[in-house]
Every structure is written in C-alpha cells, then in structure tokens.
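Peer 1: Pasting in a structure now, in structure tokens, and then I'll have a few things to ask.
The values are calculated or read from the model by the stated rules, or taken from the named source; none is laboratory data. Values in this document were obtained by computation on a predicted structure and should not be read as measured data. Don't worry about glycine lacking a Cβ; one is built from the backbone with ideal geometry, like all the others, and counts go over all protein chains shown.
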Amino acid sequence: MIANAEALLKPLTIKGLTIRNRVMSTSHAPGYGKDGKPQERYQLYHMEKAKGGIGLTMFGGSSSVAIDSPAAPWNQISVADDSVIPYFQQFSERVHAHGAKLMIQLTHMGRRTKWDTENWFPTLAPSVRREPASRTIPRAMDRHDIRRVVKAFADAVRRCKEGELDGCEISGAHGHLIDQFWSPSVNQRSDEYGGSLENRMRFGIEILEAMREAVGPDYVIGMRMSGDEMIADGLSHEDCVAIAAEYAGRGLVDFLNILGGQARDEMSHAVSLPNMSFPVAPFLFLPSAIKREVDVPIFHAQRVTDLATGARAVAEGHVDMIAMTRAHIADPHLVKKLMEGRDDDIRQCVGAGYCIDRIYVGGDALCLQNAATGREATMPHVIPKADVARTVVVVGAGPGGLEAARVCAERGHKVVLFEKENIAGGQVNIAAKATWREALSGIPRWLFAQVAKKGVDIRLGREATPADVLAENPDVVIMATGGRPNPGPVKGHEHAVSTWDVLAGKVEPTGSVLVYDEIGGHNAASTAEVLAKRGCLVELATHDLQIAQEVGTTNKPVHLRELYKLGTVLTPNMELIEIYPEGNRLVAALRNTMTEAEEERVIDRVVVDHGTLPVDGLFEALRGQSVNDGETDLDAMVDGRPQRWTGQPGFALYRVGDAWTGRNIHAALYDALRLCKDL
C-alpha cells in the first residue's frame, strides 16, 4: 500500500453530498459528444471509472449554456435546452449504480470558440480583443447579452438538477467568458463590469446568484479557476486569491477547483495542460495557497499521474480532492487496484499528452497506452478468459508484441515471446532517449511487468527463426517485429544517418548538422534538440508547412520552445532532394515546396526521418505454412469478432503494429488488443 493511502480513501461531504473517496476526474472534453448530448460512448467511458472505484467523475468540460457558445468545435455537450435532461438521467443512473458521484462543467466560451460553426453567431467577450487560440475577434457584450447569459447559466443548472447530476461547476478557467471578465488581458470595459477587480468580478457573481436561485441552497455548485494565469497582462496569483476569497466568502460556491495557467495561445495551452516535460504536480502550490484563505473544499488537477503524489497532496492538507484525469484515461481502475493492494498493476500515465493533442485537431481522446479507453462498448479493460487454451507465439517485444502477449496470457493461453534484443521495449527505448521524452519508457516497463507476472515464457536476446517458431507447435503466431528506418527516396541517401542512429548512440555527429523531417512527428524534433544540446549547429528542415506538424497542442510548443532556446534554425517548406560528398563534408540540396527554388547546404552530417519500413522477413518465411497465408480479417477486427481461422489445424499468422506499417504506439496496442481479445 502506498504511503498516506488512507487519506485518499476517506469520504468527503459537501453539503448533503458524500463522495466515497478523495480521488476524482475533472471535467474534460474527450470529443465523445454526439449531437450535443452525452450518449452511450460518453456514458460508458465514465461508468468504467465508477466501476474502477473513483469517488467523483466530472464530465462535459466546456459544456455550453447558450447557443452562441457552440458545442460543435470539439464535440462538446450543449446544455442550452431541455432535450439534454433524459441523457443526464441515464448517465447518472449508470454512474450511481457503481457508487460514484457525477457532475458537469457549465460554461460560456465567450471569445474562445469559433463563429463559423453551428449557428454562425459572433463570439462574445467583455471587450473587442482577438483570441489567439481560436483566432476569433469577438464583439463586446452589451447589457442585453449579459442578462441573457446570466439567465442561460441559471436555466442550465436547473437542467443538471432535473437530470439527477450530483452537482456542477462553472468554468472561470482556460480563458472562458467568466474569466475573460476577470482578466485585464481581455476586459477593457469602463462600465460597472470593468476597471477595478471588484467590478470585473461582478458578472460571475450575478451568474452564481442566478444559479443558486434556480436550484435552491442545497444543490452543489462549484467553480474551476486559475490560481495564477501566468501571463504578463493577466491575473496575478494575488488577484486569483482575492477572487477565490470573495466568491467563497459570499457563499456562492461550494468548492473551488484550482489550476495553474491560462489557455489563450499555443504556449499557454502547453503550460496549463502540462506534459512529460514538466515535473509531477507542478502547480500544487496554487491550490495550497488558496486553501489557506477559504473555507470551502479545494480540488486540483494538473499532471498528478500517480497515487503517491495524490495521497501526499491530500494528507498534507494542500487539497481536499485530488483529480487524476489523465491517470484515469490510462487506467480507469486505479482506485480499485489501490484498495485491492494491487498498486503494481496500475498502468500509470506517462504524460504523453496524446489524449488531449487529438482533441485539438478534431479527433477523440485516446490514450497512447490504453486502447480500451473510449472504446468501452467494444474493447475490454478486463480481459475475459477464453473457452479453449491455445499456444501463441509472439515475435517482438515492443509495445504491440507486449500487449499481444499480455492479452493472450490474460485469456489463459500459453504464450511464448521472442525478442532479439536483450531488453523489451522496441522503438520506445530509442524515443525515450530524447531529452524530455524519457517518461515514455514507462509504457513497456508496465507491459513487461504484466507479461512476466502472467507467466509468459519470455526469451530475450533471441532472434526467432522459422524453426524456433514451429518448434513451439503454435496455434497462433503474431508478428510484432516492428520497423526499421526508411532511408527514403532521396538521391545519395546512403550518405545520411537516421534519427534512430543518433538517439541510440550509434553515431555522434559534431559540427553542423541538417536534420530533415518527412514525418512531422516527435522523432526529428527530439533528435534536433539532442544534437543542439551536444553543441552541434543544427538546422531542422521539413517539407511540411511547420515544424513538427503532426505533433499536438501539449507537445509541439515545448519542442519549439526548446529548439528556439537552443538556437536551432527552423526551415519549413523545404524538400530534401539530394545528398553528396564534397571533400570531407556533405552537400544537401533542398527545394522549396512552394517556389521550387533550390538551395544547398554544406554541412558535416545529414540526419533524416522518413519513417519506417516493416521488418517482415520472418513473416514472409512463415506465411506459406500458415492456414491463412498471413491474412488478417479486417472486418472481423472492426466488428469485434474472432478471426475466422482460429481453431483450424496448423497455425494462423498475423501482424500488429509497425510490422504492418509504421504508425504509432497506440496503433500497435490497438492492433494487439482487438486481435487478441477474441483469440
């Protein structure tokens, strides 16, 4: 049992509402909304956390109270009319059945949304100030707008109560309308809603007073807010403490949910949603300071990835509830595992930010290392036993191979796992060598511990041959052999080295280095950082419109910040067309993708990332002997049905992850889970 675990397991009562423990998940926006409603997928996602022992799960980050705060941009929830009430009732029933409490976040986004969606209304703000993140220019609210939005919040909280939700919070964080009124970075008004901090607080006070009148004194209403906006022209820590004290002192809020930062632009997004480059719980001092000034319970979430950190935060009195939102995306059963003394079985969040990054490009939240999250209707978090035990050989102990071995072992099969290297992890071991990306190593570390615990026959340092595989008399063979660096189509590619070579330490470039990126992921940006920190003069070029174009909101700004700090030259819109030696140096020819003008660089090294090619020699050697010729039934995988060849005489042969083609960690894990859950 972790230290101070009893602090986490102690109930918390707010008014008449008793929450069974001090662990929660904050309101967030996983992109699971459908037609503005929290339908089955959304509900099952939160129900899994309730089954896993969580005390309070909050949903609907940025749920809209009015039709000029559109829910569409991130598949959000609309609470702007009564049609949402039956969905709330169904949602509440599902979560309450497993002992957890359920709340929602209500908001008006103000200027932090898009005007060219849903109803095509102008965005709103206290003043006409462009919002960098949404790139909209709002209109200044008049008194009619203020009255209308205040009423919209009151109507929305009534719907929450009628929907049998246990409470709600309003958003005064991340640059939404309420904190747009608070913040001098937005509010330039000269009427009673602008100027002094007292005036700037007025709009939020009117909202909370109207909400309380709508639902009475006993319904739980809280507020999420920043403890310091951490921007030069924004709210200071002292301002935030004053706001918290005023709202709590007036009895307007029953709890405060405190975070650090704001979210008005790329860098502030990355700060307010801290990734693995940040320490654990980097802003815990902010709720701790506010707790000393108020008499209401304090909640907090920001990169609390492990129960030990959460337990310390509660036990030492910094907060009353600790939110482990991304940690529950990685493992929705972490509280249950704690209570059962299975701490080692908790799949810990590594802070990759993949879940959030997908949302900001219009995708749905998916966990880099747990392919079942968000797919609860089709993918199990707890793997059921198979009716018939079979022999499964897995070749390759990267993420895909480890997940295949884990799931097959959970099914009760006999599993033999071959890995040619002396350690498991595959390409993750290389990626984790890059500056602030080391936490990725936690993914294969957990998987390897699980397969070892489940009795998988692990054979490290053993490159499997066809004879090795056939000697096991397998029923199923799964190729998870991964990929190898693709040298690319560039003339003279033999003069370049790969990002793998640099990160793995096979080459140690010095002098001037051109890093060329054709993929737009983490690899080239990470490698450029490593080289620059070693003292190389680095230019990072890409044919994309921007550096690290495929990297998302929580990660790309950190890459760019580090590259700028290190003096790296960043060159988008350039295609590498040729490399050739000149004396003891190299010449790299580049062509502008817009103008087709050509340039040359004289450098000491060229490092390239063209993705991977499958390592498929063993697969090709075995496919003719398999009962399915190595074919995977794609329709069966999509439908969640078993592969049709299972149980026939001989062995069926499948591929997962980069052994198919180069993608990412999540793809490899998802391949393995949906293939093996039915074997």
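Peer 1: Do the conditions hold for residue 376, that is, is it in contact with a helix residue (DSSP H, G or I) (Cβ under 9 Å, 6 or more places away or on another chain), acidic (Asp, Glu) and within 29 Å of residue 661 (Cβ to Cβ)?
Peer 2: Yes, satisfied.
Peer 1: Something else now. Report the residue count in segment 177-199 for those that are in contact with a Ser or Thr (Cβ under 8 Å, 6 or more places away or on another chain) and within 16 Å of residue 149 (Cα to Cα).
Peer 2: So the count comes out to 3.
Peer 1: Find the residue count for segment 423-439, including only residues that are surrounded by fewer than 24 Cβ atoms within 10 Å (Cβ to Cβ) and part of a loop (DSSP other than H, G, I, E, B).
Peer 2: 5
Peer 1: In addition: Spot the failing condition for residue 35; the list is (1) out of contact with any Phe, Trp or Tyr (no Cβ under 7 Å at 6 or more places or on another chain); (2) in contact (Cβ under 8 Å) with a residue 40 or more places away in the chain; (3) of a type in the set (D, E, K, R), and only one is missed.
Peer 2: (2)
Peer 1: Follow-up. Only residues that are surrounded by 16 or more Cβ atoms within 10 Å (Cβ to Cβ) and assigned to a loop (DSSP other than H, G, I, E, B): list them for segment 3-26, please.
Peer 2: Matches in segment 3-26: 4, 9, 20, 21, 22, 26.
Peer 1: Same structure, new question: Considering only helices (runs of 4 or more DSSP H) fully contained in segment 293-378, which possess at least 2 residues that are small (Gly, Ala, Ser)? Let's see the steps before the verdict.
Peer 2: On the way: elements: 307-315, 325-330, 334-339, 354-359.
In segment 293-378, 307-315, 325-330 are the helices (runs of 4 or more DSSP H) which contain 2 or more residues that are small (Gly, Ala, Ser).
Peer 1: If you go through segment 288-321 one residue at a time, how many are buried (at least 20 other Cβ atoms within 10 Å of the Cβ) and under 18 Å from the mean Cα position of the chain (by Cα)?
Peer 2: Residues that pass the stated criteria total 6.
Peer 1: Moving on to the next point. Which one is surrounded by the most Cβ atoms within 10 Å (Cβ to Cβ), of the residues in segment 503-535 that are more than 23 Å from residue 662 (Cα to Cα) and of a type in the set (Ser, Thr, Tyr)?
Peer 2: Among those that are more than 23 Å from residue 662 (Cα to Cα) and of a type in the set (Ser, Thr, Tyr), it is 512.
Peer 1: Something else now. Restricting segment 250-271 to residues that are in a loop (DSSP other than H, G, I, E, B), within 16 Å of residue 171 (Cα to Cα) and not acidic (Asp, Glu), which is farthest from the chain's Cα centre (by Cα)?
Peer 2: 252
Peer 1: Can I ask one more? Considering 231, 205, which residue is at pLDDT below 95, surrounded by fewer than 24 Cβ atoms within 10 Å (Cβ to Cβ) and closer than 15 Å to residue 180 by Cα?
Peer 2: Every option except 231 fails the conditions.
Peer 1: If you don't mind, there's one more thing I want to ask. Starting from residues that are surrounded by 21 or more Cβ atoms within 10 Å (Cβ to Cβ) and touching a residue at least 60 places away in the same chain (Cβ under 8 Å), keep the ones in segment 558-595 and report whichever is nearest to residue 265 (Cα to Cα).
Peer 2: Looking at the filtered set, the residue picked out is 558.
Peer 1: List the number of the failed condition for residue 200; all other conditions in (1) surrounded by fewer than 22 Cβ atoms within 10 Å (Cβ to Cβ); (2) farther than 30 Å from residue 101 by Cα hold.
Peer 2: (1)
Peer 1: Still on this model: Which residues, taken from segment 63-97, are under 15 Å from residue 114 (Cα atoms) and of a type in the set (Asp, Glu)?
Peer 2: 68
Peer 1: Here's another thing I want to ask about it. Of a type in the set (A, V, I, L, M) and touching a Gly at 6+ places or on another chain (Cβ under 7 Å): does that describe residue 271?
Peer 2: It is true that residue 271 is of a type in the set (A, V, I, L, M) and touching a Gly at 6+ places or on another chain (Cβ under 7 Å).
Peer 1: Given 117, 136, which one is in contact with a helix residue (DSSP H, G or I) (Cβ under 7 Å, 6 or more places away or on another chain) and more than 14 Å from residue 66 (Cβ to Cβ)?
Peer 2: 117
Peer 1: Also, I was wondering about something else. Just the residues that are more than 22 Å from residue 473 (Cβ to Cβ), among the charged types (D, E, K, R) and touching a residue at least 24 places away in the same chain (Cβ under 8 Å), please, taken from segment 653-679.
Peer 2: 658, 671, 674, 677
Peer 1: Within segment 587-679, considering only strands (runs of 3 or more DSSP E) that don't extend past its boundaries, which have at least 2 residues that are under 30 Å from residue 571 (Cα atoms)?
Peer 2: So the answer is 598-603, 605-609, 612-614.
Peer 1: Let me confirm something: among 166, 155, which residue is modelled with pLDDT of 95 or more, more than 22 Å from residue 361 (Cα to Cα) and surrounded by fewer than 20 Cβ atoms within 10 Å (Cβ to Cβ)? Spell out how you get there, then give the answer.
Peer 2: On the way: 166 fails: surrounded by fewer than 20 Cβ atoms within 10 Å (Cβ to Cβ).
Only one candidate passes the filter, namely 155.
Peer 1: Kindly check whether there is at least one residue in segment 274-282 that is in a helix (DSSP H, G or I) and surrounded by 23 or more Cβ atoms within 10 Å (Cβ to Cβ).
Peer 2: no
Peer 1: Filter segment 387-422 down to the residues that are assigned to a helix (DSSP H, G or I) and either charged (D, E, K, R) or surrounded by fewer than 22 Cβ atoms within 10 Å (Cβ to Cβ) (or both) and list them by number.
Peer 2: Selection gives 403, 406, 410.
Peer 1: Let me ask another. Residue pairs, Cβ under 6 Å, 6 or more apart or interchain, first in segment 128-145 and in a strand (DSSP E or B), second at pLDDT 90 or above and exposed (fewer than 14 other Cβ atoms within 10 Å of the Cβ). List them.
Peer 2: Going by the 6 Å Cβ cut-off, the qualifying pairs are 139/122; 140/128.
Peer 1: Would you confirm whether any residue within segment 165-185 is part of a loop (DSSP other than H, G, I, E, B) and of a type in the set (S, T, N, Q)?
Peer 2: yes
Per-residue answers, yes or no, for (1) more than 23 Å from the chain's Cα centre (by Cα); (2) surrounded by fewer than 24 Cβ atoms within 10 Å (Cβ to Cβ); (3) in the same structural domain as residue 332 (by TED's automatic domain parsing):
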| position | (1), (2), (3) |
| --- | --- |
| 28 | no, yes, yes |
| 44 | no, yes, yes |
| 59 | no, no, yes |
| 63 | no, no, yes |
| 77 | no, no, yes |
| 80 | yes, yes, yes |
| 84 | yes, no, yes |
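Peer 1: Applying the selection to segment 560-576, what residues are part of a loop (DSSP other than H, G, I, E, B) and out of contact with any His (no Cβ under 9 Å at 6 or more places or on another chain)? Break it down into steps so the answer makes sense when it comes.
Peer 2: Going through segment 560-576, the residues part of a loop (DSSP other than H, G, I, E, B) turn out to be 566-568, 572-573.
Residues satisfying the conditions are 566, 567, 568.
Peer 1: Return a yes/no flag: does segment 439-455 have any residue that is in the same structural domain as residue 563 (by TED's automatic domain parsing) and either closer than 20 Å to residue 405 by Cα or among the aromatic types (Phe, Trp, Tyr) (or both). It would help to see each step written out before you state the result.
Peer 2: The first filter runs over segment 439-455 and keeps only residues in the same structural domain as residue 563 (by TED's automatic domain parsing), leaving none.
So far as segment 439-455 goes, no, none of its residues is in the same structural domain as residue 563 (by TED's automatic domain parsing) and either closer than 20 Å to residue 405 by Cα or among the aromatic types (Phe, Trp, Tyr) (or both).
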